[in-house]
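One structure is given here, and the rest of the page talks about it.
The values are calculated or read from the model by the stated rules, or taken from the named source; none is laboratory data. Being a predicted model, the structure only gives us computed values, none of them experimental. In this analysis, Cβ positions are derived from the backbone assuming ideal geometry, glycine residues included, and neighbour counts consider all displayed protein chains.
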Amino acid sequence: MPKMFDSSVPPFDRLRPREREAVVDALDIAYFRSGDVIIAADQKPDHLYVIIKGHAVERDPDEEIVNTFSAKDAFDTMALIKDEAPANRFEAAEEVIAYMLPRKVFLTLVADNADFERFYFQSLTERLEAQAQLASNRGMASFMIARVDEAYLHPPITAPAELTLREAARLMKQKRATSLLVTGFDGRLGVLSGTDIREAVLIDEQPLDMRIGDAATFDIHTIDAEDFLFNAQILMTRHGVKRLPVMKDGRVHGVLELIDLLSFMSSHSHLVTTQVDRAQTIEDLRRAADGMVPLVTALHGSGVKIRHVTELVTALNRKIFAKLFEFLAPPEIRDHACLIVMGSEGRGEQILRTDQDNALILRDGHGIRPELIAGFCGNFNRALLAFDYPPCKGNMMVTNPEWVRTVSEYGDALHRWINVPSEFGHLNLAAFTDSAYVAGDPALLAQIRDSLFRRLTDNQAFFSFFARPVTMFDTPIGLFHQLRTDRHAQAGELDIKKGGIFPIVHGIRAMALEKHVQDTNTFQRIEELARIGELEREFAQNLSDAFAFLLDLRLKGRLERQATGSEDGDNFIQTRTLHKLQRDVLKDSLLIVKEFKAKVSHRYKLAAFS
């Protein structure tokens, strides 16, 4: 009788104690050699199989692999529930050790436990929430083993106890610090915060030439840099303090503040924001940009919803770009130009640092010397390259004169892109449609967007041509809902961008453009199209959920490739590494993509082009 069954794996985590005991009592263990048939096609199964070790596959009658199963995955639940023989065959792809739960016990659980039953009939939204909960639990576990020096530590700024309050306030302003470490009283270390200065002067009415040694707090608590971060939280909570000097090799290494510790628990966003705001040089800004990948990794590992990840990363990226613009742009360009980002960056769906997609809009009659514009554009591009933002493969960057134009010149370009249909023109138009303001004069972008919508009124022929790429790539799911991997990729790989993300992005982009929706973000566009009745609300929710899941899978694949140093196949995911719940949600998501493509095809009569 197995005693090590992991009941924390969904849906067994929904069982009551007596039900878990019944499962353990009924379990048996089976061994299958590579190639052994576990469940034959057209044969009703007698057991639910839960893999302990090894790898199993499901093959359709054409011998195509439609599903894969690894440790903790279960099959074939639907054949048991429906009391029918599966159409496909389940076999061991390598040696398999599996638990066997008798059909009768499994069906009793389904009948008696509504939560357990609901797992097998969940909506896409419910499945995504279940997966997010698992990821959230993993994220909290990672916090429990994080070290103090993994959080943001403020540089230690020391001052002698004889310094006056006025001098201390000036020093803190100069260093952009919130506290000082005070030395000089019998070798003891003290802390003086901005709050201490305000209370001494405003509440206690002390003179500004008072020594800081008389206002600082001494006999303070410290923590070692190698200690656990949760111990720092306990120490702060226990003693009611908001900052701790961090010691390393017997010296103060930095200062941990409560706000940074709390930020680390949820993400590293506060660290990046603080570094951007305090950056005084381009090198400072580069160091802040280096924090983006750890931030995304932490957010993803903590189970934060992908939409919130993209919103946060978008806000931080634009802060970095705006700060760089502030550093590099001469006054003439700041006053008479507008820096914009396009493509996924403009839509607010950029997750990791990928291609630069930016442009510069100049005011008509600006009078700026060409060499000044070229100098700024070159410096901006080189700085982003140094920040590890690679150049755009399509050359949509400020170093390309085609993307540095006046308002009127952009208007002429829009006219060509709309009225002279071409793949190149519509690619440019699609990128510009997703543009968003970063720095400079936002009114310049608003003028061009207004012009764009005016030009597209009642132009149905244009939209039929513009929407055509939605059907360019096949949806990688077969007739029997099996995942279809890319024949040109490595074994088991699927192009998540071509097969799922792009059709949603471009189809929604076309509909939003047709209905003059001002939003550029795909999620927001879907919500607005549902609000005005262009999409059914239930379908819009399913489409948003599917889009979020596909983005999450792509991020997962990219982070895995980055961890191994691989730079190939950014948009490919390895289906064999997905657990059962992820594969099920992927199938549901691709079916929704397929349905959406059919809706777009019907709306814009795309069948006429095939």
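Numbers for the structure displayed
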{"item": "Output for the range 184-215, where each listed residue is more than 13 Å from Ala168 (Cβ to Cβ), in contact (Cβ under 8 Å) with a residue 24 or more places away in the chain and within 45 Å of the chain's Cα centre (by Cα)", "result": "Leu189"}
{"item": "Residue satisfying all of: in the range 564-597; crowded, with 16+ Cβ neighbours inside 10 Å and small (Gly, Ala, Ser); modelled with the lowest pLDDT among these", "result": "Gly569"}
{"item": "Residue in the range 335-353 that is over 28 Å from the mean Cα position of the chain (by Cα) and surrounded by fewer than 23 Cβ atoms within 10 Å (Cβ to Cβ) present", "result": "yes"}
{"item": "Which listed residue is charged (D, E, K, R) and within 20 Å of His579 (Cα to Cα), from Arg14, Arg33, Arg18", "result": "Arg14"}
{"item": "Any hit, the range 467-486, residues being surrounded by fewer than 19 Cβ atoms within 10 Å (Cβ to Cβ), basic (Lys, Arg) and either in contact (Cβ under 8 Å) with a residue 12 or more places away in the chain or touching a strand residue (DSSP E or B) at 6+ places or on another chain (Cβ under 9 Å) (or both)", "result": "yes"}
{"item": "Residue match in the range 413-425 (condition: at pLDDT 95 or above, over 30 Å from Leu553 (Cα atoms) and not in a helix (DSSP H, G or I))", "result": "no"}
{"item": "Failed condition for His268, given (1) at pLDDT 80 or above; (2) under 30 Å from Asn379 (Cβ atoms)", "result": "(1)"}
{"item": "Among the residues listed as Val9, Val24, Val50, Val57, the single one being of a type in the set (A, V, I, L, M), modelled with pLDDT under 90 and in a strand (DSSP E or B)", "result": "Val57"}
{"item": "In the range 159-188, residue nearest to Glu257 (Cα to Cα) [restricted to those that are among the aliphatic types (A, V, I, L, M) and assigned to a helix (DSSP H, G or I)]", "result": "Met172"}
{"item": "Hits in the range 492-520 (condition: more than 20 Å from Arg558 (Cβ to Cβ) and within 18 Å of the chain's Cα centre (by Cα))", "result": "Thr520"}
{"item": "Output for the range 524-539, where each listed residue is surrounded by fewer than 21 Cβ atoms within 10 Å (Cβ to Cβ), part of a helix (DSSP H, G or I) and either of a type in the set (D, E, K, R) or touching a residue at least 40 places away in the same chain (Cβ under 8 Å) (or both)", "result": "Glu527, Glu528, Arg531, Arg537, Glu538, Phe539"}
{"item": "Filtered residues of the range 189-210 (kept if part of a helix (DSSP H, G or I) and under 18 Å from Thr178 (Cα atoms))", "result": "Gly194, Thr195, Asp196, Ile197, Arg198, Glu199, Ala200, Val201, Leu202"}
{"item": "Of all residues in the range 211-239 being assigned to a loop (DSSP other than H, G, I, E, B) and aliphatic (A, V, I, L, M), the one that is surrounded by the most Cβ atoms within 10 Å (Cβ to Cβ)", "result": "Ala216"}
{"item": "Enumeration of residues in the range 68-85 that are closer than 20 Å to Thr575 by Cβ and part of a loop (DSSP other than H, G, I, E, B)", "result": "Ser70, Ala71, Lys72, Asp73, Asp76"}
{"item": "Number of the condition not met by Val246 [criteria: (1) at pLDDT 80 or above; (2) assigned to a helix (DSSP H, G or I)]", "result": "(2)"}
{"item": "Residues (under 24 Å from Glu167 (Cβ atoms) and in contact with a Phe, Trp or Tyr (Cβ under 8 Å, 6 or more places away or on another chain)) located in the range 213-244", "result": "Gly213, Phe218"}
{"item": "Meets criteria (in contact with an Asp or Glu (Cβ under 9 Å, 6 or more places away or on another chain) and at positive phi) for Gly348", "result": "yes"}
{"item": "Matching residues in the range 598-610 - criterion: being at pLDDT 85 or above, surrounded by fewer than 20 Cβ atoms within 10 Å (Cβ to Cβ) and part of a helix (DSSP H, G or I)", "result": "Ala598, Lys599, Ser601, His602, Arg603, Leu606"}
{"item": "Check on Ile496, under 30 Å from Gly411 (Cβ atoms), buried (at least 17 other Cβ atoms within 10 Å of the Cβ), touching a helix residue (DSSP H, G or I) at 6+ places or on another chain (Cβ under 7 Å) and not assigned by TED's automatic domain parsing to the domain that holds Ala430", "result": "no"}
{"item": "Single residue of the range 356-398 satisfying the filter (assigned to a loop (DSSP other than H, G, I, E, B) and among the aromatic types (Phe, Trp, Tyr)) that is nearest to the chain's Cα centre (by Cα)", "result": "Tyr389"}
{"item": "From Ala489, Ala546, Ala530, residue being at pLDDT 95 or above and among the small types (Gly, Ala, Ser)", "result": "Ala530"}
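Yes/no matrix, rows are residues, columns are (1) farther than 22 Å from Phe462 by Cβ; (2) loosely packed, with under 13 Cβ neighbours inside 10 Å; (3) modelled with pLDDT under 90:
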site	(1), (2), (3)
Leu384	yes, no, no
Asp388	yes, no, yes
Cys392	yes, no, yes
Met396	no, no, no
Pro401	yes, yes, no
Arg405	no, no, no
Glu409	no, no, no
Leu429	no, no, no
Thr433	no, no, no
